[in-house]
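These notes are about the structure you will find just below.
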């Protein structure tokens, strides 16, 4: 019943009418096995918490296929498709071709998550760089935004993005410094924050959020990972993006409704959601 109501609002062109608060979780992995036992319940809890749209993000070819399948099944879910740097070595010519076909699906709103991860180095760094650039090429060809994964590779990620004129996207689960955030914003990117902004020992990220314009911020869960306080250490889920919005509101001294309104507008603008 709740799903059909969401579909009705969407068809009417105004999801927010009559709804107290509308949030968008811009980065989730609901296709992961951690949700196999209660995926329906997780989605229902998200809707009950005011999370009207979830972007499910692929990490390899198989999860990108699953992301599209979820987006076909649930009107409030959209998909991003891409190969994560951990799996960069799997991006063969054939895989890239299939990724391009998936990316043309009407429910796919971005290429991602893509980027560099020099913390785990699960794929060789030169292979990561090649996979990153090939997927940036795909995004440019299809005029899709990109969802960037960056861990311990800040300078190189920024250097690569500077070579691509006209790209738009988001640095997801931002872990850089304030100067990097400003540079990314100047390049037309958004900065996305998740559960870590709520952690009791967080220092740098809250200060970055305080100093950045709300008009360039997105919120996310990255579920099932990085659950916000007070759920830290347990499985994350899209309903908890409200806790991220509350933390941003507290940090910036703004009403929660204003943070919800602006971050939702930001996500709609970036991902073309109406």
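Any read-out appearing in this document is the output of simple, stated calculations on the displayed coordinates, not a laboratory observation. Treat the numbers as computed from the prediction; the structure is a model and nothing was measured. A quick note on method: Cβ atoms are made from the backbone with ideal geometry, for glycine too, and the neighbour counts reach across all protein chains shown.
Tabulated data for the structure shown
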item	result
Approximate spin-label separation residue 200-residue 121, in nm, with each point projected 7 Å along Cα-to-Cβ	3.5 nm
Which of 185, 54 has the fewest Cβ neighbours within 10 Å, and the rest in rising order	185, 54
Overall Cα dimensions of region 142-274, principal axis frame, Å, largest first	40, 34, 27
Approximate spin-label separation residue 72-residue 269, in nm, with each point projected 7 Å along Cα-to-Cβ	3.4 nm
Average Cα contact separation per residue, region 48-151, under 8 Å, 6 or more apart, as relative contact order %	27 percent
Relative contact order [Cα under 8 Å, 6+ residues apart], the chain, whole percent	19 percent
Within the chain, helix-based [θ] at 222 nm, where runs of 4 or more DSSP H residues each add -39,500 (n - 2.57), nearest 500	-13000 deg cm²/dmol
Cα-based convex hull volume of the chain per residue, rounded to whole Å³	118 Å³
Sorted by Cβ neighbour density within 10 Å, fewest at the top, the residues 60, 38, 179	179, 38, 60
Label point distance in nm, residue 225-residue 141, each placed 7 Å from Cα along Cα→Cβ	2.8 nm
